[in-house]
Structure formats: C-alpha cells, structure tokens
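A.B. asks: Dumping the structure here so I can ask a few things about it.
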Ligand SMILES: [Zn+2]
C-alpha cells in the first residue's frame, strides 16, 4: 500500500483519485458531479412543485459549485469533455437557482 493519506473516492468500489479541489467532498470528479447534479436537480424539482428550498441547501449547492469551478480551473487532472460539460451545466443550474431565489423572496424557507 502506498503511504498516501489522501485516499480515494469515498464511493465504495471506486478507485479513482480525488482531485485537490474536491478533497473536502472526498469524491472523484465523476461521483462529485453525479452527487452535485442530483442535488441541484432535486432542488429544481422542489421549486417546480412550489416547495420552499432551505437556505442550507442553496448554500451547500453554492459551496459545491465553487468546488466544481476549482476542479475545472485547476485542471490538475485532465478533464474529459463530458466532465467539463457536466461541470458547466451544474454551475449554470446553481446560478439559475440562486437567481430564482433572489427574485422570489418567499422561495427560501428562512424568509417569512
Ligand atoms: Zn468515485
């Protein structure tokens, strides 16, 4: 075994390396994107059903968007075109959610 303490992706069975930008998430790029996109999609679905989204969720997505942007910029590992597209899609999705929340004061559950 190597002496590296970084470890790999936390998804069982996944042996991919975790890029430095995603170290906090402990996920490889693919699993991070899968996880982040499903959260963003779930947030949009709640919103389409007229449900409030917790500010925590928005903050979490914003944090993940920052990690995704760093992963995109740092290019420590060569990203596949598909991964780049997914990152951009995710960033746009989060940006839209924030825009929507800003324009709909009742959207976030922390606002009365
Ligand atoms: Zn993984």
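A.B. asks: Mind listing just one residue for me: the one in the range 40-52 that is surrounded by fewer than 17 Cβ atoms within 10 Å (Cβ to Cβ) and part of a helix (DSSP H, G or I) and, of those, modelled with the lowest pLDDT? Let's see the steps before the verdict.
C.D. replies: Applying the first criterion (surrounded by fewer than 17 Cβ atoms within 10 Å (Cβ to Cβ)) to the range 40-52 yields 41-42, 44-46, 48-52.
Filter once more, keeping what is part of a helix (DSSP H, G or I): 41-42, 44-46, 48.
Working: 41: 92, 42: 92, 44: 89, 45: 90, 46: 86, 48: 83.
Here the residue is 48.
A.B. asks: Mind checking which residues of the range 7-28 are part of a loop (DSSP other than H, G, I, E, B), more than 8 Å from the ligand (Cβ to nearest atom), closer than 17 Å to residue 78 by Cα and in contact with a helix residue (DSSP H, G or I) (Cβ under 8 Å, 6 or more places away or on another chain)?
C.D. replies: Listed by number, the list holds a single entry, 19.
A.B. asks: Next up: Can you tell me which residue among 67, 37 is closer than 18 Å to residue 99 by Cα, part of a helix (DSSP H, G or I) and either in contact with a strand residue (DSSP E or B) (Cβ under 8 Å, 6 or more places away or on another chain) or at pLDDT 90 or above (or both)?
C.D. replies: The match here is 37.
The values are calculated or read from the model by the stated rules, or taken from the named source; none is laboratory data. As the structure is a prediction and not an experimental result, all values here were calculated from the model. Please note: Cβ atoms are built from the backbone with ideal geometry, for glycine as well, and neighbour counts cover all protein chains shown.
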